[in-house]
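Undergrad: Structure below; questions to follow.
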Amino acid sequence: MTVYDLNGLGVASLPTAWRRRRLKDVATIGAGVPAPKPHLLSTSGRPFLRVSDLSRAIQGWCHETRDALSGNDLAVIKQWPAGTIVFPKSGESIRTNVRARLAVPMSVVSHLACVAARPGVSIDYLFWLLCSIDFEDHILQTTLPALSLDAIGGVEVQIPSWDEQESIASFLNYQTSAIDSQRRVLGTKTKLLKELRDAMITQAVTRGLNAAEQLVKSGMSWAPLTPQSWPIERMKTIFKETSIKGHPHLPLLAATQHAGVILKSEMTWRTVEAGENNRDGFKVVHPNDFVISLRSFEGGIEHSSVSGIISSAYSVLKLNQMVNHPPFWRYFLKSDGFISSLGAHKTGIRDGQAISFSTLSNDKIAVPPKNIQIEISNFLDEKTSIIDDQMVVIDQQERALRDLRAQLILRAVSDPSFI
């Protein structure tokens, strides 16, 4: 089995002196535990690592977590030692190829795989070795992408002598730190541009563009002041929920947080919806409809520019276009202010379950006249496109650094002459 793609890197083959072993023969392979019940979670105690905590890692080391464990049941919850390497093994996070090491002993959520080096294998070398491996070919296509522990443990790796391991790890620790520093600068720029974009959208859709217009109390905690000329209406006067079924011939759609509702065939990743092979019960979506997705409480309500069908687990909303302009609502329903208002409806919603429109229908919104909606959406189209162009350039720079980093790692763990 070929694991490493050395084409174009000038590496003819791996050194014969390097032992080829299966990962499970040189490391302990395991996984975390399901997220504990709330009464076991606290802000102090044994750190409990979630997938989202990987973004906090500093130079590949996880020092802190959002949650900690406390209580009398700690003895039965496995704790992984410092130096354990962790990475996602379920969901789309697998494809991020994120790897991190535990800086202190921690318990870990079940969505993460855990790899602990055995004697004779350097923790740092094993970390960089795993950074060079893309598990894409080993993903199981179930309802959500998944990696089995058997697949992870069966991957072939090369183990040089201890001194070579340490030399490779030292080289990569130094070289990648400079690249990571540049990436952090780019990440900060992207964060600031996104904050500017989000603030501009929320300001425009809740207060308009006329700074001279008098603001009045709206009665809405997330938008306490709105223009005097904007009437306060309930969601059910703006949108109507539709549930048209029995059109299995229409193309499948997917609701995404970053691209809205799109053709599923255009997705760069693959997911399987429950009941996807029985499409009679899927709901019809038309252009300029809106969809409440399973993650709307995090990312807002999604706009569709295409026709098709979507899982019956989603709510499809039709806008009253006689007095409303769809592009305005595309911005409004994805604005930070509106998304924050959805938090009030999250109570009782379990992961993988959507907010129903019935819970939102009585929510109040300040609604500008249609001509003002058009004016605001045109303004936002122009201003956000400028910011988006800047973010594209930064993303290209970040991708170039990420590719350089990946090639550097792959070359270092494959070619002893490189360092």
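Undergrad: What angle, in degrees between 0 and 90 and rounded to the nearest 10, separates the Cα long axis of helix 370-412 from the longest principal axis of the Cα atoms of the chain?
TA: That helix lies at roughly 0 degrees to the long axis.
Undergrad: Can I ask one more? Run the numbers on segment 19-159 and let me know its relative contact order in percent, using alpha-carbon pairs under 8 Å that are six or more apart. Each step should come with its number before you reach the end.
TA: On the way: 280 pairs, mean separation 48.9, N = 141.
Once normalised by length, the contact order is 35 percent.
Undergrad: Something else about it: Kindly provide the helix-only [θ] at 222 nm of the chain, computed as the sum of -39,500 (n - 2.57) over DSSP H runs of four or more divided by all residues, to the nearest 500 deg cm²/dmol? It would help to have the intermediate numbers written out before the result.
TA: Working: 10 runs with 133 residues, N = 419.
Taken over the chain, the calculation gives -10000 deg cm²/dmol.
Undergrad: May I pose another question? Comparing Ile409, Ile238, Ile301, which has the greatest mean-square fluctuation in the GNM of the chain with Cα pairs linked when under 10 Å apart?
TA: Greatest mean-square fluctuation among the candidates belongs to Ile238.
Undergrad: Using Cα pairs under 8 angstrom and six or more residues apart, how large is the relative contact order of the chain, in percent? Walk me through the numbers on the way to the answer.
TA: Values: 704 pairs, mean separation 69.3, N = 419.
Relative contact order here is 17 percent.
Undergrad: Could you order the peptides 61-69, 328-336, 216-224, 382-390 from most to least packed, using the average number of other C-beta atoms within 10 Å per residue?
TA: Values: 61-69: 17.3, 328-336: 22.2, 216-224: 14.2, 382-390: 12.4.
Sorting 61-69, 328-336, 216-224, 382-390 by mean packing, highest first, produces 328-336, 61-69, 216-224, 382-390.
Undergrad: Give the lysines whose C-alpha is closer than 21 Å to that of Lys189, dropping any in the same chain fewer than 8 places away, or say none.
TA: By straight Cα distance, Lys189 reaches Lys383.
Undergrad: Cα to Cα, under 13 Å, and not fewer than 8 places away if on the same chain: which aspartates and glutamates meet these conditions relative to Lys194?
TA: Once the sequence-local aspartates and glutamates are set aside, what remains near Lys194 is Asp336, Asp388, Asp389, Asp395.
Undergrad: Need the list of aspartates and glutamates near Lys283 for cross-linking: C-alpha distance under 12 angstrom, and skip anything on the same chain fewer than eight residues off.
TA: Counting by Cα, and skipping residues close in sequence, Lys283 has these aspartates and glutamates nearby: Glu241.
Undergrad: Pairing the Cα long axis of helix 162-207 with the longest principal axis of the chain, what angle in degrees results, from 0 to 90 and rounded to the nearest 10?
TA: Compared with the principal axis, the helix lies near 0 degrees.
Undergrad: Rule-of-thumb check for segment 231-367: C-alpha Rg over 2.2 N^0.38 Å? Present the calculation step by step, with values, prior to reporting the outcome.
TA: Details: Rg = 14.3 Å, N = 137, 2.2 N^0.38 = 14.3 Å.
Cα Rg divided by the expected 2.2 N^0.38 Å: 1.01.
Undergrad: How much length is gained on full extension from Gln203 to Phe379, taking 0.36 nm per residue of separation minus their Cα-Cα distance? Could the numbers behind the result be given before it?
TA: Details: separation 176, 0.36 × 176 = 63.36 nm, distance 1.20 nm.
That pair, Gln203 and Phe379, stretches by 62.2 nm at full extension.
Undergrad: Counting only C-alpha contacts under 8 Å and six or more residues apart, can you give the relative contact order of segment 89-178 as a whole percent? Let's see the in-between values first.
TA: Values: 64 pairs, mean separation 33.2, N = 90.
Once normalised by length, the contact order is 37 percent.
Quick note: the coordinates plus some simple rules give every number you see, no bench work behind them. Worth saying up front: this structure is predicted, and the values here are computed from it rather than measured. Note that we place each Cβ from the backbone using ideal geometry, even for glycine, and neighbour counts take in every protein chain shown.
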